[in-house]
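Engineer: Okay, handing you the structure first.
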Amino acid sequence: MSLERIVAFSDGVFAIIVTILVLELHVPHLNEPHNARELADALIGLLPKFLSWVASFLYVCAFWINHHYIFRIARAADRGLIWLNNLFLLCHSFIPFPTALLGDYPTNPLAISFFGVVLLVNALAAIALHRYVVRHLLADGVDAAAEWKHSRRSFQGPLLFAFGAVLAWIVPLVSLVLYLVTPVLFILPQDSGSLGSCEE
């Protein structure tokens with residue numbers, strides 16, 4: 001199977017995921033349709049859903065960009081890469097569920113912790129995909145030593161997600177803030193295209 005076909009399929013899955021994320025934002029029902037105060041209160045009540053949607057959207061975008069980078073440094077596809085990619089997409093397609101759960105129950109420690117665990121699993125799946133390419137399918141001219149260094153650095157994401165998942169049971173609000181701030185690490189440019197960086 002060509003790399004182009006795998007990437008095209010993956011891009012389709014990413015597009016569906018971000019679409020599902022926004023579908024969780026429902027227009028509130030009002031008892032008095034012309035009451036602006038009632039609508040304002042309802043929109044304020046939706047703030048946790050808006051925040052969880054923004055955070056998840058940024059995470060999905062970061063994973064998508066890193067996925068593109070991984071396949072750009074691969075010279076070919078084999079059965080192992082195909083199924084590791086499918087496993088990654090399986091984990092990724094689940095993100096809308098903990099996002100909706102967190103939006104509905106933003107003060108529930110289990111919902112907060114579950115969100116972090118799902119992101120942790122996704123990050124580990126992305127790292128496994130990257131390492132497989134570096135070990136078996138690295139394109140000519142790509143510095144393998146540099147890629148291994150970047151792979152080790154990419155564990156900062158999983159560590160933050162794991163910390164957030166544990167912290168949710170102790171100080172839930174701090175855990176939520178951590179989830180909202182962490183995407184900045186993926187957005188800020190770094191020295192190369194490692195996992196956890198959006199820069200190519």
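Okay, residues lined up against (1) in contact (Cβ under 8 Å) with a residue 60 or more places away in the chain; (2) loosely packed, with under 13 Cβ neighbours inside 10 Å; (3) aromatic (Phe, Trp, Tyr); (4) in contact with a helix residue (DSSP H, G or I) (Cβ under 9 Å, 6 or more places away or on another chain):
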residue: ILE20; (1), (2), (3), (4): yes, no, no, yes
residue: HIS26; (1), (2), (3), (4): no, yes, no, yes
residue: LEU51; (1), (2), (3), (4): yes, no, no, yes
residue: ALA62; (1), (2), (3), (4): yes, no, no, yes
residue: PHE71; (1), (2), (3), (4): yes, no, yes, yes
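Engineer: Separate question: What are the pairs with Cβ atoms under 8 angstrom where one residue, in segment 141-155, is in contact (Cβ under 8 Å) with a residue 60 or more places away in the chain and the other, located anywhere, is in a helix (DSSP H, G or I) and of a type in the set (A, V, I, L, M, F, W, C)? Sequence gap at least six, or different chains.
Structural biologist: GLU147/VAL134
Engineer: Just one of (1) of a type in the set (Phe, Trp, Tyr); (2) free of Cβ contacts under 8 Å to residues at least 12 places away in the same chain; (3) surrounded by 14 or more Cβ atoms within 10 Å (Cβ to Cβ) trips up TRP83, so point out which.
Structural biologist: So the condition that TRP83 fails would be (3).
Engineer: Provide a single number: the residues in segment 80-110 that are more than 15 Å from the chain's Cα centre (by Cα), part of a helix (DSSP H, G or I) and closer than 18 Å to TRP169 by Cα.
Structural biologist: Let us first name the residues in segment 80-110 that are more than 15 Å from the chain's Cα centre (by Cα), namely 80-84, 86, 101, 103-110.
This time we only want the ones that are part of a helix (DSSP H, G or I), so: 80-84, 86, 101, 103-104, 109-110.
Restricting the remaining residues to those that are closer than 18 Å to TRP169 by Cα gives 101, 103-104, 109-110.
Here the count works out to 5.
Engineer: Quick test of your reading of the structure: ALA77 fulfils all but one of (1) part of a helix (DSSP H, G or I); (2) surrounded by 15 or more Cβ atoms within 10 Å (Cβ to Cβ); (3) aliphatic (A, V, I, L, M). Name the failing condition by number.
Structural biologist: Evaluating ALA77 over (1) part of a helix (DSSP H, G or I); (2) surrounded by 15 or more Cβ atoms within 10 Å (Cβ to Cβ); (3) aliphatic (A, V, I, L, M) leaves (1) as the failure.
Read the figures in this text as sums done on the coordinates, not as results from a lab. For clarity, every value in this text was computed on a predicted model and none was experimentally measured. Please note: Cβ atoms are built from the backbone with ideal geometry, for glycine as well, and neighbour counts cover all protein chains shown.
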